[in-house]
Amino acid sequence: MAKAPDQKNAIADIEAQATRIRSELKVPKQNEVFGAAVEAGYLTALADGEVDAKELATMVRAVDLLSEGAVIEWETETLLDECAARAKQDGAAKRAAAVGAALAALGQAEAGLFFAALVARASKGIDKKEAEVLKVVGTAAGLGTDAVRDIVKRATTLGKEGEAG
């Protein structure tokens with residue numbers, strides 16, 4: 001139970017920033033943007049070989065917060081099941097590139113990558129394998145290495161800006 005505060009902090013940070021993040025996601029084809037962002041988050045969580053219950057719960061809660069309830073829990077769970085099936089069928093690397101391309105086509109590379117990084121942060125922080133998935137998604141979305149690094153940094157420091165240190 002020692003890691004539970006990390007998830008709570010990540011969810012609290014998402015809650016605190018939800019209005020701003022939602023404003024980034026208020027775009028045409030919003031459902032497609034959410035779908036791609038959720039898949040990017042799922043693939044990032046899968047980087048260590050499995051998506052644990054905490055990561056799944058964080059993704060469900062984040063989608064609920066960011067969609068203001070427009071996407072209900074069972075829809076999110078179905079979406080995550082579809083992400084798992086595609087990753088199993090096509091392979092995670094191929095899906096990461098496809099998701100990045102979809103985010104680029106939707107014009108939402110940064111928002112989708114930010115969501116994925118928030119999900120990755122929620123369980124154990126962002127490790128090297130997760131960072132590599134984020135890099136693949138970001139590159140396929142047309143983002144440069146510096147942009148990917150800045151988005152990941154923004155996700156890992158969300159909610160810490162005002163802390164002394």
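The values are calculated or read from the model by the stated rules, or taken from the named source; none is laboratory data. Remember, predicted model here, so these are calculated numbers, not experimental data. Here the Cβ is made from the backbone with ideal geometry for all residues, glycine too, and neighbour counts use every protein chain on show. Protein only, heavy atoms only, side chains kept; ligands, DNA and RNA dropped before computing areas. Shrake-Rupley method; radii C 1.70, N 1.55, O 1.52, S 1.80 Å.
The figures follow:
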quantity	calculated
Burial order of peptide ranges 47-54, 90-97 (average beta-carbon count within 10 Å, highest first)	90-97, 47-54
Probe 1.4 Å, protein heavy atoms only - accessible area per residue of the range 27-110 in square angstrom	47 Å²
Solvent-accessible area, 1.4 Å probe, carbon plus sulfur percent, for the chain	54 percent
Translational diffusion coefficient (Stokes-Einstein; Kirkwood radius from C-alpha pairs) of the range 59-132 at 37 °C, 0.692 mPa s, in µm²/s	245 µm²/s
Count of lysine pairs in the chain with Cα separation under 16 Å (8 or more residues apart, or interchain)	12
Nitroxide proxy distance, nm - points 7 Å out along Cα→Cβ at Lys153 and Ala85	4.1 nm
Potential extension, Lys29-Glu50 segment - 0.36 nm per residue separation minus Cα distance	4.6 nm
Phi to ³J(HN,Hα) by Karplus 6.51 cos²θ - 1.76 cosθ + 1.60 over the range 32-46, Hz, x for Gly, Pro	5, 4, 4, x, 5, 5, 5, 5, 4, x, 4, 5, 5, 5, 6
Distance (nanometres) between label positions extended 7 Å along Cα→Cβ at Glu15 and Thr145	3.9 nm
Helix-derived mean residue ellipticity, 222 nm - over the chain, DSSP H n ≥ 4, -39500 (n - 2.57), to 500	-25500 deg cm²/dmol
